[in-house]
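Data first, discussion second: the structure below is written as structure tokens.
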Amino acid sequence: MIRALIPLALVLGLTACGSGEPAGAAAPQPTTLVVLDAGHETAALAPNSSMRLVSKGDGEVLLSAGFFNRNEMARVGLPARAAWAPDSRRLFINDPGNAALGAVRVFDVASNGVGTERTQAHRTAVAELVRMNGCVSAPEGDVATAGLAWAADGAQLYVLAEVRRGTGGCLWDRVASIIVVTDIESGRLLEALPADEARRRHPGLPGA
């Protein structure tokens with residue numbers, strides 16, 4: 001069986017790219033996480049009221065920019081949690097997948113109601129937890145991530161990464177969970193702290 005690995009060097013190389021230097025980590029902003037449950041339709045209105053995130057209750061998630069403009073954005077495990085960015089240009093979904101692991105999924109949202117997924121926030125958070133445990137890589141399913149709060153009006157995201165199981169060579173014996181701040185546009189890591197220390201520094205952070 002071949003396991004997907006998160007290579008630390010690759011992720012750090014990607015986050016080092018780009019000509020612009022993002023600002024340092026901004027303070028978390030109040031973020032409302034909407035629960036997307038199985039069995040019934042749930043809608044979350046964007047802060048600027050331009051469109052809605054719609055969960056049909058069967059795993060299909062849509063963006064609705066009007067009655068005749070509904071675009072499928074993703075399929076997710078349920079229950080999931082979702083939150084719009086303050087500027088209504090992005091949203092994240094904490095997708096449990098098919099198990100109790102899960103990953104944060106970030107989407108850019110265009111004015112026409114089309115969402116484009118970005119994967120770097122999850123990968124950056126996992127890579128940093130791997131690095132802080134003195135490892136080079138780890139099986140993809142060993143670490144779960146979840147979005148906690150937006151910052152800088154949606155330019156940055158606070159992400160929880162935590163060890164859920166150990167199936168590879170990493171012993172996970174240094175730190176079990178961290179909270180990182182990532183720059184969404186560049187994928188850069190702006191801050192990384194053990195989860196308890198991050199919550200002391202930012203007491204307004206919600207739970208996962």
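Accessible surface for segment 46-152, divided over its residues, is 39 Å² per residue with a 1.4 Å probe.
When the solvent-accessible area of the chain is split by element, carbon and sulfur atoms take up 52 percent of it, the probe being 1.4 Å.
Estimated from helical segments only, the mean residue ellipticity of the chain at 222 nm is -4000 deg cm²/dmol, where each DSSP H run of four or more residues counts as -39500 (n - 2.57).
Give me the one-decimal Kirkwood hydrodynamic radius in Å for the chain, with the sum taken over alpha-carbon pairs. Its Kirkwood hydrodynamic radius stands at 17.3 Å. Label-to-label distance, Met132 versus Ser111, with points set 7 angstrom from Cα along the beta-carbon direction: 4.0 nm. Ligands, DNA and RNA are left out, and with a 1.4 angstrom probe the accessible area of segment 167-208 is 51 Å² per residue. The calculated FRET efficiency for Ser49 paired with Glu185, based on their beta-carbon distance and R0 = 25 Å, is about 0.55. Fully extending the segment from Ser64 to Asp87, taken as 0.36 nm per residue of separation minus the present Cα-Cα distance, adds 6.6 nm. Ranked by the mean number of other Cβ atoms within 10 Å of their residues, highest first, the peptides 41-49, 161-169 fall in the order 161-169, 41-49.
Placing pseudo-labels 7 Å out from each Cα toward the beta carbon at Arg201 and Thr167 gives an inter-label distance of 3.2 nm.
The values are calculated or read from the model by the stated rules, or taken from the named source; none is laboratory data. For clarity, every value in this text was computed on a predicted model and none was experimentally measured. All Cβ positions, even for glycine, are placed from backbone atoms using ideal geometry, and neighbour counts span all protein chains on display. Ligands, DNA and RNA are excluded from the accessible area calculation, which covers all protein heavy atoms including side chains. Shrake-Rupley method; radii C 1.70, N 1.55, O 1.52, S 1.80 Å.
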